[in-house]
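Presented below is the structure to which this report refers.
The values are calculated or read from the model by the stated rules, or taken from the named source; none is laboratory data. Note that this is a predicted model, so its numbers are computed, not measured. FYI the Cβ positions are ideal-geometry reconstructions off the backbone, even for glycines, and counts take in every protein chain you see. With ligands, DNA and RNA removed, areas are computed over all heavy atoms of the protein, side chains included. Shrake-Rupley method; radii C 1.70, N 1.55, O 1.52, S 1.80 Å.
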Amino acid sequence: DQIINRYKKYFSRIIIEGDKGIFDAMNKGVQLAKGKWIFFLNSGANFNNKSVLKNMIKLSNNQSEIIFGHCIIKNKFISYKYFGNYFRQNDISMPFHHQSSFTRKKLLIKDPFDLNYFISADFDFLVKQFKNNKKFQKIDLIVSKVTSGGQSDKYRFWAYRDNFKILKKNKFIKNKLIKLYYLFIIMVVKKIIK
């Protein structure tokens, strides 16, 4: 409450109510948003600097529907740059951090986050947009700084399990055993780093 009161002059609207998880709250935010673009700045994250929005607008093109950059991930011991990349059909996790991406509101209205995926609803959304040939644009800019330890870090195994289901549902997986082995190795490495 103290933080909200300290910065309330910067918000057009503050809503405090129960929800069915992070993605339900994000869906509600999309419905209330008045602009053409949506950006989610969740707990433990902030913009890399004061010029991020201005620079993203300057570097983006009119055809783009999802714009993404890079972010800095911080934990107790180290900080490292998480480079955003274009989604490829064999990706098993988010190729860019959702807190370093901007999405046209109309896409999120048409395809709200699927609440059946507690951790991976953003990955599910991304796969749908890729499958529907939406226009992605990479911008070589650090958008945000994110503190590790969020939901996807705490429930890493479940996130990968759901990601696998999403890829399978969209017919992006052909060799199940190789993917599962690859998934496990990535999970272990990320757990060590974070």
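Observations on the structure shown:
- Selection within segment 1-55: residues that are closer than 21 Å to Val143 by Cβ and hydroxyl-bearing (Ser, Thr, Tyr). The member of this set that is most open to solvent (accessible area, probe 1.4 Å) is Tyr10.
- Lone unmet requirement of (1) at pLDDT below 90; (2) out of contact with any strand residue (DSSP E or B) (no Cβ under 9 Å at 6 or more places or on another chain); (3) among the polar types (S, T, N, Q); (4) open to solvent by less than 40 Å² (accessible area, probe 1.4 Å) for Gln89: (4)
- Selection count where residues are polar (S, T, N, Q) and over 17 Å from Asn133 (Cα atoms), scope segment 51-100: 8
- Residue match in segment 82-103 (condition: among the charged types (D, E, K, R) and closer than 20 Å to Leu41 by Cβ): no
- Taken as a whole, the condition of being touching a residue at least 24 places away in the same chain (Cβ under 8 Å) and part of a loop (DSSP other than H, G, I, E, B) applies to Gln63.
- Among the residues of segment 1-56, those that are over 24 Å from Phe68 (Cα atoms) and not in a loop (DSSP other than H, G, I, E, B) comprise Gln2, Ile3, Ile4, Asn5, Arg6, Tyr7, Lys8, Lys9, Tyr10.
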